[in-house]
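The values are calculated or read from the model by the stated rules, or taken from the named source; none is laboratory data. This structure is a prediction, so every number in the text was calculated from the model and none was measured. Here the Cβ positions follow ideal geometry from the backbone for every residue, glycine too, while neighbour counts run over all protein chains shown. Note: accessible area is taken over every heavy atom of the protein model, side chains too, but ligands, DNA and RNA are not part of it. Shrake-Rupley method; radii C 1.70, N 1.55, O 1.52, S 1.80 Å.
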Amino acid sequence: MSALTDRSWVEISSTALKHNLSTIRRNVPKRTGILAVVKANAYGHGVEWIARQSTLNGVSWFGVANVVEALELRQFRRREPIILLSAVLPAEMPEAVRNDFVIAISSLEEAQRLARVARKLHRKARVHFAVDIGMGRLGMWHEEAVAHLTAISLLDDLHLEGIFTHFPCADDDPPMTRHQWRDFDRVCSEFPQLLVHAANSPALLSKNPLLKNSKLVRAGIALYGAGPTRASEKLLRPLLTWKSRITHIDHVPAGRTISYGSTYRLKRPETHAIVSVGYADGYHRLLSNKADVLINGKRCPIRGRVTMDQIIVDASHAGPIQIGDEVVLIGKQGREEITANELATLAQTISYEIFTSIGKRVTRYYQ
Ligand SMILES: *Cc1c(COP(=O)(O)O)cnc(C)c1O
């Protein structure tokens, strides 16, 4: 799979992606389409491969963050619609219109600006109207949305195709999300001709009855199998295993200190494995003295601070080790598993940031 010279790499599983897509499909109403959210290089997994595998498994739409990502995706996905999930800068509008990307619009004013750009290009801009139900990031607040939408629907140079919203706490506040979903549904019911989408990963797994009013669900983290909640984690399979190698072994006596800042002092002698990964690869420095890695299927704790290119782990209880041995940072080895969520908790973040932090130096392998 990997080359012996690889110092840090990820292995990405097509079986897991298939499994997650069929889990998503089973959890949403029959005719609901799946929009794969592939922003930020498919949450660090590699957009080209994820996009191709997703279409082979029934994904019909894609979502990205901006025009640059959309242009990259368009090179290998010619047919599927691509929606830009952040506001488009005025300077990006011509490129977005020329390429028929779906543009999220938050106000009448923004729609008018876009309509002027489209008219100059003798094209219609493809538009989804964003409704804000409590995120405060994109869209018109739901109380004012109907008035704006009515005016926007009269603009000739736009093709007003859809309406959508985004939930701020679908993962940790289902009652609030149900309330927000009703606010959104009230706006949608005034415009029955529009294509509706609302659910992100936690919402699409929530079995909310209003799901049936959506044409699409937008699947991000669920696709990648990290599970937005503990319960959903059981339904999904992580796509990604992150590995590295032992580059050096050190037998260290009691009393010595380890790594920058000398934050770890040995109480008894330990066998240390130096592993070729660091914060420059996206292995967070907040994991210093906290996270474990797997060697020979055993948990080995990190000693001292994570450095730019290397970490030091206590492999005293891992059995025989050799230079070049594989080390698992995220994933399974033997009976043990380290999940992205486990590292995220230790680094005071979420799995999304763990994935999107995995750096350029880390080779991606697909299987
Ligand atoms: C990123 C994003 C998603 C995907 O969210 P997940 O929690 O990963 O499913 C969906 N919709 C919008 C608007 C987004 O920005």
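State yes or no: is residue 198 of a type in the set (A, V, I, L, M, F, W, C) and either within 23 Å of residue 18 (Cβ to Cβ) or at pLDDT below 95 (or both)?
no
Look through region 337-367, keep the residues that are within 18 Å of residue 236 (Cα to Cα) and part of a strand (DSSP E or B), and return whichever of them is least open to solvent (accessible area, probe 1.4 Å).
338
Of these, 325, 314, 309, which one is within 15 Å of residue 244 (Cβ to Cβ) and in contact with a Lys or Arg (Cβ under 7 Å, 6 or more places away or on another chain)?
After ruling out the rest, the residue left standing is 325.
Take region 113-172 and flag every residue that is surrounded by 22 or more Cβ atoms within 10 Å (Cβ to Cβ) and hydroxyl-bearing (Ser, Thr, Tyr).
Listed by number, the list holds a single entry, 165.
Before we move on, is residue 291 crowded, with 20+ Cβ neighbours inside 10 Å, within 21 Å of residue 358 (Cα to Cα) and in the same structural domain as residue 83 (by TED's automatic domain parsing)?
No, not satisfied.
Tell me whether region 208-222 contains one or more residues that are more than 15 Å from the ligand (Cβ to nearest atom) and over 30 Å from residue 51 (Cα atoms).
no
Would you mind listing the strands (runs of 3 or more DSSP E) fully within region 1-115 where at least 2 residues are within 29 Å of residue 235 (Cβ to Cβ) and under 15 Å from the mean Cα position of the chain (by Cα)?
Output list reads 33-37, 61-64.
If you take the residues of region 188-207 that are closer than 22 Å to residue 158 by Cα and within 12 Å of the ligand (Cβ to nearest atom), which of them is surrounded by the most Cβ atoms within 10 Å (Cβ to Cβ)?
Among them, the one singled out is 198.
Please verify whether region 84-95 includes one or more residues that are open to solvent by 10 Å² or more (accessible area, probe 1.4 Å), of a type in the set (Gly, Ala, Ser) and over 17 Å from residue 38 (Cβ atoms).
So far as region 84-95 goes, yes, one or more of its residues are open to solvent by 10 Å² or more (accessible area, probe 1.4 Å), of a type in the set (Gly, Ala, Ser) and over 17 Å from residue 38 (Cβ atoms).
For region 1-56, what are the residues that are at pLDDT 95 or above, open to solvent by 40 Å² or more (accessible area, probe 1.4 Å) and more than 30 Å from residue 309 (Cα to Cα)?
Result: 15, 18, 19, 22, 25, 26, 29, 52, 56.
Taking region 139-174 as the region of interest, how many residues are outside any loop (DSSP other than H, G, I, E, B), under 30 Å from residue 350 (Cα atoms) and without any contact (Cβ under 8 Å) to a residue 60 or more places away in the chain?
6
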